[in-house]
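Student: Handing you this structure, nothing more for now.
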Amino acid sequence: MALLEVRNLSTVIRRKQEYLTAVDGISFDIEAGEIIGLAGESGCGKTLSALSITGLLPPVAEIAGGEITLNITDNTVSHNRESSTISLNLRSLDEESLCRIRGKEISMIFQEPRQSLNPLLRIGAQISETLELHGAADKKTARAAALDMLEKLKFTEPEKIFNAYPHQLSGGMCQRVMIAIAAICRPRLLIADEPSSALDTAIQEQLLTLLGQINRDFGTAILFISHDLSVVRRFCRRFLVMYAGKIVEEGPAQTLFSASAHPYTQGLIGAIPGRQQRGKALANIPGKAPSIEEHSPGCPFAPRCPRTQEQCRRSFPPQTELAAGGAASAGHIVRCFVPETSHD
Ligand SMILES: Nc1ncnc2c1ncn2[C@@H]1O[C@H](COP(=O)(O)OP(=O)(O)OP(=O)(O)O)[C@@H](O)[C@H]1O
Ligand code: SF4
Ligand SMILES: [Mg+2]
């Protein structure tokens, strides 16, 4: 049983009298302890998918359908105690219950850390508050844990950072503080929404290393959201490709990079500087992704696709699992009427 199961999730935006679909029936699993990527161009629905999972959607958005299940397994197995799993239907939880889940079981970091930090509160208070909020520690223990976490996240002077205010820190340091807040309760799942895109390359690398460390040390699964496939490739063993609110391809990173089947994925990979790949013709992916106002019954990629056929304009392709690469490419799934199926 996966840690998180998302099934047919749809999220809409209210605009005047209309409901516009921004996340369109997506399904995927996140296994305990894995690092999975979610990639796609700007506006394809990555952030709204994450906010739907965490119950943090803005007032203008709402979930229109689907299920989100968090399976919490207690692995404490002793002579007379078997491991047991509690399945939580996140959509059915009230705000109070969701608050208990957020931070403790699922936490999230955002692209703009300064917007998530309270400018009036010292860093240390913001980190230890999360622990205290979840009843995991008294004030003294929470302080010690916060200092430990700052040290773990490579702050050379944890005490100084503990007592600092957000405006006294650089963007990269604020992002590390956000990781500290997100990781302090050792959550089962951390959603990182473009956490490194506003940072320079060296700081970006450091951030990925720290997230990797959280993953290893705490067994925290990470949903890593990025429009930058080269970063996703280095950091994630498996990833999902989203286009116009739908997941169009998913699979092991190695498989998608050597044998992607969807022309959009091929185009994204071909667009990575210095990359020679099948689908090179789409290196720049001419045209632009449809906005949420432009809804078509067919494949949303059809206007940009070199393989478009008549049926592509009529209906959205069903899911196909490709098995040509054997066990190494297990879980390679594509939604395209004309997928390239040769795994080389
Ligand atoms: N608060 C909002 N109000 C109105 N429309 C929104 C809001 N948030 C998202 N949208 C719309 O929903 C669609 C999906 O947005 P989302 O933020 O999930 O995209 P994204 O894939 O995260 O993009 P980016 O890579 O730019 O962060 C977009 O068309 C966007 O304009
Ligand atoms: S379904 Fe058709 S239009 Fe869509 S990506 Fe596949 S070939 Fe292109
Ligand atoms: Mg986003």
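Student: Can you work out which of the residues in the stretch 277-302 that are modelled with pLDDT under 95 and part of a helix (DSSP H, G or I) is nearest to GLY245 (Cα to Cα)?
Tutor: Checked the stretch 277-302; the qualifying residue nearest to GLY245 (Cα to Cα) is LEU282.
Student: As an exercise: evaluate SER258 against (1) away from ligand 1 (no atom under 16 Å from the Cβ); (2) in contact with a strand residue (DSSP E or B) (Cβ under 6 Å, 6 or more places away or on another chain); (3) assigned by TED's automatic domain parsing to the domain that holds PHE301 and give the number of the one condition it does not meet.
Tutor: The one condition SER258 does not meet is (2).
Student: Let me ask another. (1) surrounded by fewer than 15 Cβ atoms within 10 Å (Cβ to Cβ); (2) not in a loop (DSSP other than H, G, I, E, B): which one isn't true of PHE224, the others all being true?
Tutor: In the conditions (1) surrounded by fewer than 15 Cβ atoms within 10 Å (Cβ to Cβ); (2) not in a loop (DSSP other than H, G, I, E, B), PHE224 misses (1) alone.
Student: May I ask you to list the residues in the stretch 303-323 that are part of a loop (DSSP other than H, G, I, E, B), touching a residue at least 40 places away in the same chain (Cβ under 8 Å), closer than 15 Å to VAL334 by Cβ and of a type outside the set (Lys, Arg)?
Tutor: Across the stretch 303-323, the qualifying residues are CYS305, PHE316.
Student: Counting just the residues of the stretch 195-219 that are part of a loop (DSSP other than H, G, I, E, B) and surrounded by fewer than 22 Cβ atoms within 10 Å (Cβ to Cβ), which one comes out nearest to ligand 2 (Cβ to nearest atom)?
Tutor: SER197
Student: Any chance you could count how many residues in the stretch 171-182 are touching a strand residue (DSSP E or B) at 6+ places or on another chain (Cβ under 7 Å) and closer than 17 Å to LEU133 by Cβ?
Tutor: Going through the stretch 171-182 one residue at a time, the tally reaches 2.
Student: Can you list residue pairs whose Cβ atoms sit under 8 Å apart, with the first residue in the stretch 178-192 being assigned to a loop (DSSP other than H, G, I, E, B) and the second being at pLDDT below 95 and among the basic types (Lys, Arg)? Count only pairs 6 or more apart in sequence or on different chains.
Tutor: From the stretch 178-192, the pairs are CYS185/LYS104; PRO187/LYS104.
Student: If you check LEU51, LEU56, which single one turns out to be surrounded by fewer than 17 Cβ atoms within 10 Å (Cβ to Cβ) and more than 16 Å from ligand 2 (Cβ to nearest atom)?
Tutor: It is LEU56.
Student: To continue, here is another question. Pairs please, first residue from the stretch 113-140 and touching a residue at least 60 places away in the same chain (Cβ under 8 Å), second anywhere and in a loop (DSSP other than H, G, I, E, B) and not charged (D, E, K, R), Cβ atoms under 6 Å, 6+ apart in sequence or on different chains.
Tutor: So the pair list comes out as SER116/PHE110.
The values are calculated or read from the model by the stated rules, or taken from the named source; none is laboratory data. The model shown is predicted, which means the values in this text are computed figures rather than measured ones. Counting neighbours? That spans all protein chains shown, and the Cβs are built from the backbone with ideal geometry, glycine included.
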